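Chemist: Sharing a structure here in structure tokens format.
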Amino acid sequence: MHKHTEQEDALAVSRRQFMQGSAAVSGGLMLGVALPAGGPAVAAGTLHTPNAFVHIADDNTITLISARAEMGQGVYTSMPMLIAEELNVDIKKVQVAFAPPGKVYGNALIFGLQLTGGSTSVREGWEKLRIAGAQAREMLIAAAAQRWNVDASTLKAVDGRVMGPGGKVATYGQLAEAASKLTPPEKVAIKEPKDFRIVGKRTTRLDTPAKVNGTAVFGMDVMLPGLVYATIEMCPVIGGTAKSVDSAAAKAMPGVVDVVQIPDGVVVVAKSYWQARKAREKLVITWDEGAGAGLTTAAMMKGTEAALATGKPIPVRPNVGDADAAIASASKVVRGQYFTQNVTHSPMEPMNFTAHFDNGKVLLIGPTQWPDAAQGAVAKVLDVKPENVSVQSTFLGGGFGRRSDIDFILQTAQISKAVNKPVKLIWSREDDMTHDFSRPLGIH
């Protein structure tokens, strides 16, 4: 008998929530797990508030609202493949928009958090997004059946159109508003793998052209009116704080707007990044290095080695066979000890984010693997309501888990509030290497 795993149980709950919570709004067909009270306002052909997974606008535009971040792993293509398969449209006709924070976009395989990681994106969306596409397809067919007063079984949805007897044809966009007024079906048939036309087939990545021609927007590309740039000097020892700061020379440098202090360090804000960076070199700071002052690689290695002798091994796979007996009976045993150092994530795009604190509301734009955490944490630190914190995700120039941390996002928001301007914080490569959340060293 098959025993359900925790992942399967999580996905089952996710499917039930999806089927129960699917919703639609006028001006286009929108389907998702749930919609906020009042629903988004959608004008013909324009998606103003993307809070669902599939949207078909009056102008025949199909948009997938991607709950997962694109950081090079391919969700910008794999997620559209799932809905395009069930909608029977060319994948190139599906646009992608990154989701804002919202419970509807939670990852059932990572405790319901809106988090991209753990190689879960396709597994978690595999059935959910196909159901979304199939629901939209069946509602469009039902709308056409009502319009033409025919049985839905006589119709088929192909290539963005519903076709019926006697040469009747209507585009998805022409049917979207009528379909949006229907109740989403609780049960829909999704394709068997043998019938796949898109999934499992060689497909050109949708984001390649934009990344080649320079139109893809990464965090480093974000611009806002009146934007200033920030760079932060942090204590060489993680956890340390500034005891005293002499910023006079830095403030006298060209282009400098201000020098401010936040909990993580001393920040120079200027009209350009390079001006901020050069002025930062003029800061004179005395640090309290804190509890980590005496921590060394050798000490960490020694502690890990001591733990190896006393710790209980963590099983990484089902216990198969008797390794101890095999070693004991072997004619020759080779033993070795392997050390791994702390390893940084080092994504190609340095840590950066853009924030604008304005009259109690916060706009955050940039590369993050965890937008709802960014929203909640910034709201708490700046003492504003979460609904007053807007998060807009960009492409990520690599993530590898580093951008599931939000330290640099919090810093950006604090700086913007301090200078009362839209700010882009950019960490240098050196900042990133020395203040990363490194993978722990290990002994094997």
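Quick note: the coordinates plus some simple rules give every number you see, no bench work behind them. From a predicted model like this one, the values you see are computed outputs, not experimental measurements. Cβ coordinates were reconstructed from backbone atoms using ideal geometry, including for glycine residues, and neighbour counts include every protein chain displayed.
Chemist: Note the full-extension length gain between residue 343 and residue 429 as 0.36 nm times their separation in residues minus their Cα-Cα distance, in nm to one decimal.
Modeler: 29.5 nm
Chemist: Given a cut-off of 21 Å, what percent of all Cα-Cα pairs of region 197-351 lie beyond it?
Modeler: Result: 72 percent of Cα pairs exceed 21 Å.
Chemist: Next up: Quick check: convex hull of the Cα atoms in the chain, volume per residue, rounded to a whole Å³?
Modeler: Value for the chain: 199 Å³ per residue.
Chemist: Still on this structure: Let me check I've understood the local charge: for residue 232, count other residues with C-beta under 9 angstrom from its C-beta, Lys and Arg +1, Asp and Glu -1. What total comes out? Don't jump to the answer; show the numbers that get you there.
Modeler: On the way: positive: 280; negative: 233, 264, 431.
Local net charge: -2.
Chemist: Calculate the spin-label point distance for residue 317 paired with residue 213, positioning each point 7 Å from the Cα along the beta-carbon direction, and give it in nanometres.
Modeler: Roughly 4.7 nm, to one decimal.
Chemist: How far is it, in nm, from the label point at residue 359 to the one at residue 291 when both lie 7 Å from their Cα along the line to the Cβ?
Modeler: With each label placed 7 Å out from Cα toward Cβ, I get 4.3 nm.
Chemist: Taking the Cα atoms only, what angle lies between the long axis of helix 75-87 and the longest principal axis of the chain, rounded to 10 degrees?
Modeler: The two axes meet at around 10 degrees.
Chemist: Among 54, 320, 122, which one shows the highest mean-square fluctuation when the chain is modelled as a Gaussian network with alpha-carbon springs under 10 Å?
Modeler: 320
Chemist: Which pairs break 23 Å Cα to Cα here: 243/385; 385/421; 251/424; 156/187; 93/211; 103/361?
Modeler: Pairs exceeding 23 Å: 243/385.
Chemist: Let me ask another. Does region 210-267 come out rounded, prolate or oblate by the C-alpha gyration tensor, with a ≥ b ≥ c the root eigenvalues, rounded set by a/c under 1.5 and, if not, prolate when a/b is larger than b/c and oblate if not?
Modeler: In terms of gyration-tensor shape, oblate.
Chemist: What value does region 269-326 have for Rg/Rh, both radii from Cα atoms and Rh as Kirkwood defines it?
Modeler: 1.39
Chemist: For every other residue with a beta carbon closer than 13 angstrom to the beta carbon of residue 113, add +1 if it is Lys or Arg and -1 if Asp or Glu, then tell me the sum.
Modeler: Net charge around residue 113: 0.
Chemist: Given the options 101, 386, 209, which has the most mean-square fluctuation in a GNM of the chain, springs set between C-alpha atoms less than 10 angstrom apart?
Modeler: 209
Chemist: To the nearest 0.05, what FRET efficiency results for residue 171 and residue 221 with a Förster distance of 51 Å applied to their C-beta separation?
Modeler: Calculated transfer efficiency: 0.90.
Chemist: Now for a different question. What ranking, highest mean first, results for peptides 111-119, 435-443 when packing means the other Cβ atoms within 10 Å averaged over each residue?
Modeler: Packing proxy ranking, top to bottom: 111-119, 435-443.
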